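The values are calculated or read from the model by the stated rules, or taken from the named source; none is laboratory data. Just so you know, these numbers come straight off a predicted model, no measurement behind them. Using ideal geometry, Cβ is built from the backbone for each residue, glycine included, and neighbour counts are taken over all protein chains shown. Ligands, DNA and RNA are stripped out before the accessible areas are found, and what is left, the full protein with its side chains, is counted by its heavy atoms. Shrake-Rupley method; radii C 1.70, N 1.55, O 1.52, S 1.80 Å.
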Amino acid sequence: MISLENLERLSALGLKGSCVARRIQKLGNREHLHSCFVRRKPHMMKFKPNQTRTYDGEGFKKRAACLCFKNDREDEVLLVSSSRHPDQWIVPGGGMEPEEEPGGAAVREVYEEAGVRGTLGRLLGVFENQDSKHRTYVYVLTVTETLEDWEDSVNIGRKRKWFKIDEAIRVLQCHKPVHAEYLRKLTPRCCPTNGNTQEPVNTVDNTPLHQTASHDCGLPRLHR
């Protein structure tokens, strides 16, 4: 295949036939479209140059997230658009930073991704994703303040939307089944905790991955 550069050299030598001209125009348009795509694609993805990933003793990346509810009834939850796939909705959350507690990380992530502040409630569970090697501490948060503009809306155009619980589960199930499980595991509030000692559970038979005597209140876990 003759490159655009070589065709332009032919043109400079006086070979300015219609075939060469059309070829230059076609390749030029193709390279222009490619360069536009390459330039625009990174802007759809969130990038934290100074972020340091943290891992637990078993090599799982430590994450934190919040189910952000409109009120104490917990019947409407706030989802945000994915930075990788803007047409898909996800639960706001992300990696924990060094020396950061799970609850603090969860509050920080929803502030950055969803632009909300609120009252941090109970730990819903520690959800394990074997495919991605993640363990995510998921909390309940009741929203008290909603910012008009926030970090991710300005930087990457992230959106947010309130969903009824059943609708949110349906939306999440096809592309984020682990996130859908967060909502399925909503249970009556027992044993409030800061979540720093919680263990994952295998959802195949509902048995803890690490048996402990202290977990008898039925806090849900996901092994996925």
Of the residues in the range 131-152, those that are among the small types (Gly, Ala, Ser) and either in a strand (DSSP E or B) or open to solvent by less than 30 Å² (accessible area, probe 1.4 Å) (or both) number 0
Gly14 passes all but one of the listed conditions (1) at positive phi; (2) surrounded by 13 or more Cβ atoms within 10 Å (Cβ to Cβ); (3) modelled with pLDDT under 50; the exception is number (2)
### Message
Against the definition (at pLDDT 95 or above, surrounded by fewer than 22 Cβ atoms within 10 Å (Cβ to Cβ) and either on the phi > 0 side of the Ramachandran plot or not in a strand (DSSP E or B) (or both)), how does Arg108 come out, yes or no?
### Response
yes
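Out of the residues in the range 70-105 meeting the condition of being assigned to a strand (DSSP E or B) and within 11 Å of the chain's Cα centre (by Cα), tell me which one is nearest to Thr52 (Cα to Cα).
Of the range 70-105, the ones assigned to a strand (DSSP E or B) are 76-81, 89-90, 93-95.
Okay, now just the ones that are also within 11 Å of the chain's Cα centre (by Cα), so 79-81, 89-90, 93-95.
Numbers: Leu79: 25, Val80: 23, Ser81: 23, Trp89: 25, Ile90: 22, Gly93: 15, Gly94: 12, Gly95: 9 Å.
Filtering first and then ranking leaves Gly95.
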Pairs returned, first residue in the range 139-153 that is touching a residue at least 60 places away in the same chain (Cβ under 8 Å) and within 29 Å of Lys185 (Cα to Cα), second residue that is assigned to a loop (DSSP other than H, G, I, E, B) and open to solvent by less than 20 Å² (accessible area, probe 1.4 Å), beta-carbon separation under 8 angstrom, 6 or more apart or interchain, are Tyr139/Gly195; Asp152/Gly115; Asp152/Arg158
Selection over the range 111-130 where residues are of a type in the set (Asp, Glu) and open to solvent by less than 10 Å² (accessible area, probe 1.4 Å) yields a count of 1
Reported set for the range 173-182 where residues are over 17 Å from Glu74 (Cα atoms) and part of a helix (DSSP H, G or I) is Gln173, Pro177, Val178
